[in-house]
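Enquirer: After the structure tokens below, expect a handful of questions from me.
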Amino acid sequence: MVILLNENYHVCTGCALLCDDIEVVIDDNVITEVKTACRKGVSRIKGCNEPMSPTVEGQQVDIDVAIGAAADILKNADSPLIFGLGNSTDGAQKKAIELAKQIGAVLDDTSSFCQGPTLEVIFNETVKSCTLDDVRNKADVIVYWGADPSNSHPRHLSKFSYFPRGQERQRGWEEDRTMITIDIRKSHTAKISGDKFHNIPLQADEEFIDALIDALSGKVPKVPFEYDPKRILELANILKNAKFGIIFVGLGLVYSLDNMDPIVKLMDKLNELSNFHLIPMVGHYNMRGFNQNMFNETGHLNRVKFEKGNNTKVQHGAEFSIVESLNEKKVDAALIIGSDPLSSLPRAVADHLLNIPVITIDPCETFTSRKAKVTIPSALSGVECGGSAIRMDGEEVKFEPIVDVKSQTIRPSDEEILTRIMEAL
Amino acid sequence: MANAMEIYQLLPKTNCKECGKSTCMAFAVSLLSRELTVDDCPPLKGDKFKSNYEKLSDMIAPAKGASESGMIVHEDKCFGCGNCVVACPVNVAEDPLGAGIGRAPTSDKVILRVEDGIVRTSNVHDCRRFGENKILCNGCIVTCPTEAIEFV
Ligand code: SF4
Ligand code: SF4
Ligand code: SF4
């Protein structure tokens, strides 16, 4: 389903909720007021504090010169890495896959160290998923596990899960919905679930899942830490009686598990007894799109290497993740698009980026761009360029630019820049 | 939120009446209702009460922003999640197909809406906590993750 927009509304690309009911006030092609978006969205829509300039070796240059320099680096590399794209449109992502094929690059995104495993079980239909509109219209039991949307996706509760009225949830949150939070600390989201908050120790998610499965199977739940078994039984009871249940999987849960088996087991058990769905709390606005586009193109979500000159041959595996590629120093140049690996990866891993030529394409300055050999400023997608993206639940959302793109100051989109690099190659 | 007794404990307790109230306790109540401000107590501004003055200023949020109905929004705490907007029963009743289903408000009659990432109030006289048939609604208080809304 493609979500159609009221023509007065814009889409916020601040996170993978892609809220599609944003109004703005524009004065002289500058956005002066943003309505209905959360604070995080407003800061995305109003643009970067430090816009990036086109540079080569730290010297300001014309953007065409920077694009030429980028092409030279990629041409001379034996094993280039392309990374990022979570904040790029579908069009740019498809272009990047084409480029990766052309130059035989390793291609990966942040999902290889965050929500990749969750998306994999959904793409392979190992677990049942649903849309956020289903959640709003039907969900009576909502579980946030290892997630704190109040900070990461501020409108998650108000737009889709707990607070809005829905077709089958007409009586409001107090009567019609139960919200549960399971986390290692009392987050802002946990606070809202009140006595339905389960505070578990660090790295104890798997044990808690096992206990919950026991409770769902009518056994006495046991965990190797202090926890009232009655509370686990109560929780099991709520889940068992759900008409339409949803588990939102946060990074806290993904990080604490070695693999998805415990979650799959829990989902199987829940679906024997009731009706449960899973949605990953995808962060960047189009990270799911990248995984979807990669999946369609290669059968893999991330971590691939194309062979130069033979664009049907693709290798896939953990060794092609950004972390392994950098750790093993297997890449000799990097093209980073809309991402800041120098600040998001552990220093020891990211260090290799300081030894190889790096190109960044980004609207804003980042830690990585400050160390890059070539920087190419791009349009802020969703504001200065349109396109489409995949919401965290898999729905495609199309959007138009918010400001007038005919104005002189607008920078080229990621997609245009990638096209021009390919032409220069 | 502080209560009158906690405020009273930090006052000079001399009943000097310089603030225009007959007792320090009465002044405490006026502070609580934002009728007067900490600066209306001259002795508090002396060196002797410096730390009490600071504590009181922290305890009592500035009255600016307090609407006629006594609602105060702590803008620095609000991050625009919209929970209060969607939970407010007046918003739901006035705008069932906008705010009521989690979308942008489509009616002028809503009490709460988010602009520039911060909650804004209007039509506060329609708030269920006020007027003749008032009830102790707390829809916007318990749904706020950061305690950004309070009533005085
Ligand atoms: S929740 Fe996400 S998409 Fe929605 S307004 Fe906030 S940042 Fe934008
Ligand atoms: S007290 Fe109730 S009616 Fe008044 S603004 Fe808050 S939620 Fe709305
Ligand atoms: S619930 Fe609190 S943080 Fe959210 S919009 Fe309302 S006042 Fe702001």
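Enquirer: Looking at the structure I just gave you, is A:Pro154 in a loop (DSSP other than H, G, I, E, B) and within 16 Å of ligand 3 (Cβ to nearest atom)? Show your work before the answer.
Expert: Working: in a loop (DSSP other than H, G, I, E, B): yes; within 16 Å of ligand 3 (Cβ to nearest atom): yes.
Considered against the rule, which asks whether it is in a loop (DSSP other than H, G, I, E, B) and within 16 Å of ligand 3 (Cβ to nearest atom), A:Pro154 comes out as yes.
Enquirer: Exactly one condition in (1) outside the structural domain of A:Gly245 (by TED's automatic domain parsing); (2) surrounded by fewer than 18 Cβ atoms within 10 Å (Cβ to Cβ); (3) not hydroxyl-bearing (Ser, Thr, Tyr) is false for A:Lys128; which is it?
Expert: Checking A:Lys128 against (1) outside the structural domain of A:Gly245 (by TED's automatic domain parsing); (2) surrounded by fewer than 18 Cβ atoms within 10 Å (Cβ to Cβ); (3) not hydroxyl-bearing (Ser, Thr, Tyr), the one that fails is (1).
Enquirer: Name the one entry in B:Cys144, B:Cys127, B:Cys140 that is closer than 30 Å to B:Tyr8 by Cβ, more than 10 Å from ligand 3 (Cβ to nearest atom) and crowded, with 16+ Cβ neighbours inside 10 Å. Explain how you work it out, then say what you get.
Expert: On the way: B:Cys144 fails: more than 10 Å from ligand 3 (Cβ to nearest atom); B:Cys140 fails: more than 10 Å from ligand 3 (Cβ to nearest atom).
Among B:Cys144, B:Cys127, B:Cys140, only B:Cys127 is closer than 30 Å to B:Tyr8 by Cβ, more than 10 Å from ligand 3 (Cβ to nearest atom) and crowded, with 16+ Cβ neighbours inside 10 Å.
Enquirer: List every residue pair whose Cβ atoms sit under 6 Å apart, with the two residues 6 or more apart in sequence or on different chains, where the first one lies in segment A:42-56 and is at pLDDT 95 or above and the second, anywhere, is within 16 Å of ligand 3 (Cβ to nearest atom).
Expert: Between residues of segment A:42-56 that are at pLDDT 95 or above and residues that are within 16 Å of ligand 3 (Cβ to nearest atom), the close pairs are A:Val42/A:Val34; A:Val42/B:Asp116; A:Val42/B:Gly117; A:Arg44/A:Gly14; A:Ile45/A:Val34.
Enquirer: Sticking with this one: Provide a single number: the residues in segment B:120-140 that are of a type outside the set (S, T, N, Q) and more than 10 Å from ligand 2 (Cβ to nearest atom).
Expert: Going through segment B:120-140, the residues of a type outside the set (S, T, N, Q) turn out to be B:120, B:124-132, B:134-137, B:139-140.
Next cut, more than 10 Å from ligand 2 (Cβ to nearest atom) only: B:120, B:125, B:131-132.
Summing the residues that are of a type outside the set (S, T, N, Q) and more than 10 Å from ligand 2 (Cβ to nearest atom) in segment B:120-140 gives 4.
Enquirer: Out of everything in segment A:160-200 that is part of a helix (DSSP H, G or I) and charged (D, E, K, R), what residue ends up being nearest to the other protein chains (Cβ to nearest Cβ)?
Expert: Residues of segment A:160-200 part of a helix (DSSP H, G or I): A:160-161, A:173-176, A:188-192, A:194-196.
Among the residues that remain, those that are also charged (D, E, K, R) are: A:174-176, A:191, A:195-196.
Details: A:Glu174: 9, A:Glu175: 12, A:Asp176: 12, A:Lys191: 6, A:Asp195: 13, A:Lys196: 13 Å.
Here the residue is A:Lys191.
Enquirer: Quickly run through segment A:131-162 and pick out the residues that are surrounded by fewer than 22 Cβ atoms within 10 Å (Cβ to Cβ) and more than 16 Å from ligand 1 (Cβ to nearest atom).
Expert: Of everything in segment A:131-162, those that are surrounded by fewer than 22 Cβ atoms within 10 Å (Cβ to Cβ) and more than 16 Å from ligand 1 (Cβ to nearest atom) turn out to be A:Asp134, A:Asn137, A:Lys138, A:Asp140.
Enquirer: Consider A:Ser217 carefully, then state whether it is within 27 Å of the chain's Cα centre (by Cα) and at pLDDT 95 or above. Let's see the steps before the verdict.
Expert: Working: within 27 Å of the chain's Cα centre (by Cα): no; at pLDDT 95 or above: yes.
The answer is no for A:Ser217.
Enquirer: How many residues does segment A:103-155 contain that are more than 14 Å from every other protein chain (Cβ to nearest Cβ), among the small types (Gly, Ala, Ser) and under 21 Å from A:Leu257 (Cβ atoms)?
Expert: Counting residues in segment A:103-155 that are more than 14 Å from every other protein chain (Cβ to nearest Cβ), among the small types (Gly, Ala, Ser) and under 21 Å from A:Leu257 (Cβ atoms) gives 5.
Enquirer: Hey, can you tell me all the residues within segment A:163-195 that are among the polar types (S, T, N, Q) and either crowded, with 18+ Cβ neighbours inside 10 Å or in contact with a Ser or Thr (Cβ under 8 Å, 6 or more places away or on another chain) (or both)? Explain how you work it out, then say what you get.
Expert: Start the filter on segment A:163-195 by keeping residues that are among the polar types (S, T, N, Q), which leaves A:167, A:170, A:178, A:181, A:187, A:189, A:193.
Listed by number, the residues that qualify are A:Thr178, A:Thr181, A:Ser187, A:Thr189, A:Ser193.
Enquirer: Can you tell me how many residues within segment B:5-62 are surrounded by 19 or more Cβ atoms within 10 Å (Cβ to Cβ), in contact (Cβ under 8 Å) with a residue 24 or more places away in the chain and not in a loop (DSSP other than H, G, I, E, B)?
Expert: 7
Enquirer: Show the residue pairs that are 6+ apart or on different chains and have beta-carbon atoms under 7 Å apart, the first residue being within segment B:130-150 and among the aliphatic types (A, V, I, L, M), the second being within 11 Å of ligand 2 (Cβ to nearest atom) and part of a loop (DSSP other than H, G, I, E, B).
Expert: So the pair list comes out as B:Ile135/B:Arg128; B:Leu136/B:Arg129.
Enquirer: Specify the residue that is farthest from the chain's Cα centre (by Cα); the eligible residues are those in segment A:305-338 that are on the phi < 0 side of the Ramachandran plot and assigned to a loop (DSSP other than H, G, I, E, B).
Expert: In this case the residue turns out to be A:Lys308.
Enquirer: Could you please find all residues in segment A:223-250 being touching a residue at least 60 places away in the same chain (Cβ under 8 Å) and small (Gly, Ala, Ser)?
Expert: Selection gives A:Ala242, A:Gly245, A:Gly250.
Enquirer: Moving to a separate point now. Could you list all residues from segment A:339-362 that are part of a strand (DSSP E or B) and surrounded by fewer than 20 Cβ atoms within 10 Å (Cβ to Cβ)? Break it down stepwise before answering.
Expert: Looking only at segment A:339-362, we keep the residues that are part of a strand (DSSP E or B), and these are A:358-362.
Once the filter is applied, which keeps residues that are part of a strand (DSSP E or B) and surrounded by fewer than 20 Cβ atoms within 10 Å (Cβ to Cβ), segment A:339-362 yields nothing.
Enquirer: Please determine whether any residue of segment A:44-51 is closer than 22 Å to A:Asp332 by Cα and not basic (Lys, Arg).
Expert: In the first step, residues of segment A:44-51 are kept if they are closer than 22 Å to A:Asp332 by Cα; the result is none.
No, the conditions are met nowhere in segment A:44-51.
Enquirer: From the list A:Val249, A:Val223, which one is under 28 Å from the mean Cα position of the chain (by Cα) and among the hydrophobic types (A, V, I, L, M, F, W, C)? Even if it seems obvious, please write down each step before you answer.
Expert: On the way: A:Val223 fails: under 28 Å from the mean Cα position of the chain (by Cα).
So the residue among A:Val249, A:Val223 that is under 28 Å from the mean Cα position of the chain (by Cα) and among the hydrophobic types (A, V, I, L, M, F, W, C) is A:Val249.
The values are calculated or read from the model by the stated rules, or taken from the named source; none is laboratory data. Keep in mind it's a predicted model, so treat the numbers as computed, not measured. Neighbour counts are summed over all protein chains in view; Cβ atoms, including those assigned to glycine, are modelled from backbone coordinates with ideal geometry.
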